[in-house]
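Student: Structure provided below as structure tokens; questions to follow.
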Amino acid sequence: MKNRLAGHKFYLSGGIDRVPDRGVSWREDISQFLLSLDIGVLNPCDKPTNFGSEDSENIQWRNQSKEKAIALYEHGNINDANNICEAIYKNMKMVVAADMGMLDICNAVILHIDMSYHMCGSYFEMTYACLEKKPIIVHCEQGKMHVPDWVFGIIPHQFIFSTWNEVKSYIQHVAYDEHVEHFKRWRFFDMNKIYGREIF
């Protein structure tokens, strides 16, 4: 059967700033898999934009800036500390704008949850994508039954998996199997018709 996901775009959501490898490893692995299926990848660790970079230098700058601000607060230099906070705010506004732009144009989301690390933006992205009724495929490092209860309340449990092999098998099922349960989330588009030529 023809690959019904060819040309679609998946956004890769998960922890970055508090994760040792900035969330790069799992994204690189799943990206290769998705690209092999002609699925586009929207990766916040390797943005297809010229703004909102989330590289190690950017994260290091923010962490050092916060340390300086803490020291200034402790010494009563509130104005100088707030000036640093303003710079961090402006920097993060660009990061968020880039990520939300990718989330807007994606067809589906892969969300990686690791309960060992605090996640903030990823849960916001999950909620935003839910409001847009986009399919969100969840991988939990600790296993399906360890995702926060709230996740079970907004994402069909059939989209939640314990291993990456399960995630990949599910995506292949959606791409190629004749009968796919939509869960009122999956909406497939003919990319050749959209672009007016045979691409896939």
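Derivation of every value follows stated rules applied to the coordinates shown; laboratory data play no part. Just so it is clear, the structure is predicted and the values come from calculations on it, not from any experiment. Neighbour counts run over all protein chains shown; Cβ positions are idealised from the backbone, glycine included.
Student: Is it possible to state the helix-based mean residue ellipticity at 222 nm for the chain, with each DSSP H run of 4+ residues giving -39500 (n - 2.57), the sum divided by total residues, to the nearest 500 deg cm²/dmol? What is it?
Tutor: Taking each H run of at least 4 residues, the total per residue is -15000 deg cm²/dmol.
Student: Could you tell me which of rounded, prolate or oblate describes the chain, using a ≥ b ≥ c as the square roots of the eigenvalues of the alpha-carbon gyration tensor, with rounded for a/c under 1.5 and, failing that, prolate when a/b is larger than b/c and oblate otherwise?
Tutor: Prolate is the answer for the chain, as a/c is 1.5 or above and a/b outweighs b/c.
Student: Can you give the angle from 0 to 90° between the axis of helix 78-105 and the longest principal axis of the chain, with both taken from C-alpha atoms, to the nearest 10?
Tutor: 10 degrees
Student: Same structure, new question: Measure nothing but the geometry: give the 0 to 90° angle between the long axis through the Cα atoms of 121-131 and the longest principal axis through the Cα atoms of the chain, rounded to 10°.
Tutor: 40 degrees
Student: Which cross-chain or sequence-distant (5 or more) residues have an amide H under 5 Å from the amide H of Val138, H modelled 1.01 Å from N in plane?
Tutor: Leu111, Ile160, Phe161
Student: Expected output is a single nm value to one decimal: the length gained when fully extending between Ser169 and Phe200, i.e. 0.36 nm times separation in residues minus the C-alpha distance. What is it?
Tutor: So the chain would gain 9.1 nm between Ser169 and Phe200.
Student: Still on this structure, I have one more. Using R₀ = 25 Å, calculate the FRET efficiency as 1/(1 + (r/R₀)^6) where r is the Cβ-Cβ separation of Lys66 and Tyr128; round to 0.05.
Tutor: Using R0 = 25 Å, I get an efficiency of 0.45.
Student: Report, ordered by chain and residue number, the lysines lying within cross-link reach of Lys168, taken as a straight Cα distance under 20 Å and ignoring same-chain residues fewer than 8 apart.
Tutor: Result set, ordered by chain and number: Lys2, Lys9, Lys134, Lys144.
Student: Compute the FRET efficiency between Ile154 and Asn3 as 1/(1 + (r/R0)^6), taking r as their Cβ-Cβ distance and R0 = 25 Å, and round to the nearest 0.05.
Tutor: 0.30
Student: Still on this structure, please answer the following. Residue-wise, which Karplus ³J(HN,Hα) couplings in Hz belong to region 12-29, taking 6.51 cos²θ - 1.76 cosθ + 1.60, θ = phi - 60°, and x for glycine or proline?
Tutor: Coupling constants for region 12-29: 9, 9, x, x, 10, 5, 10, 9, x, 9, 6, x, 6, 4, 5, 5, 5, 5 Hz.
Student: Moving on. With springs only between Cα atoms under 10 Å apart, run a GNM on the chain and tell me which of Glu166, Glu67, Glu141 wobbles the most.
Tutor: Largest GNM mean-square fluctuation: Glu67.
Student: Which whole-number percentage describes the relative contact order of the chain, with Cα contacts under 8 Å and a sequence gap of 6 or more? The partial results should precede the final answer.
Tutor: Numbers: 258 pairs, mean separation 53.1, N = 200.
Relative contact order comes out at 27 percent.
Student: Using a Gaussian network model of the chain with C-alpha springs under 10 Å, which one of Ile154, Ile171, Ile78 is most mobile by mean-square fluctuation?
Tutor: Ranking Ile154, Ile171, Ile78 by mean-square fluctuation puts Ile78 first.
Student: Ignoring the sites themselves, what is the longest stretch of the chain with no trypsin sites (Lys or Arg not before Pro) in a DSSP loop and at most 10 other beta-carbon atoms within 10 Å? Mind dumping the intermediate values first?
Tutor: Numbers: sites that count: Lys2, Lys184, Arg197.
Longest gap between qualifying sites, sites excluded: 3-183.
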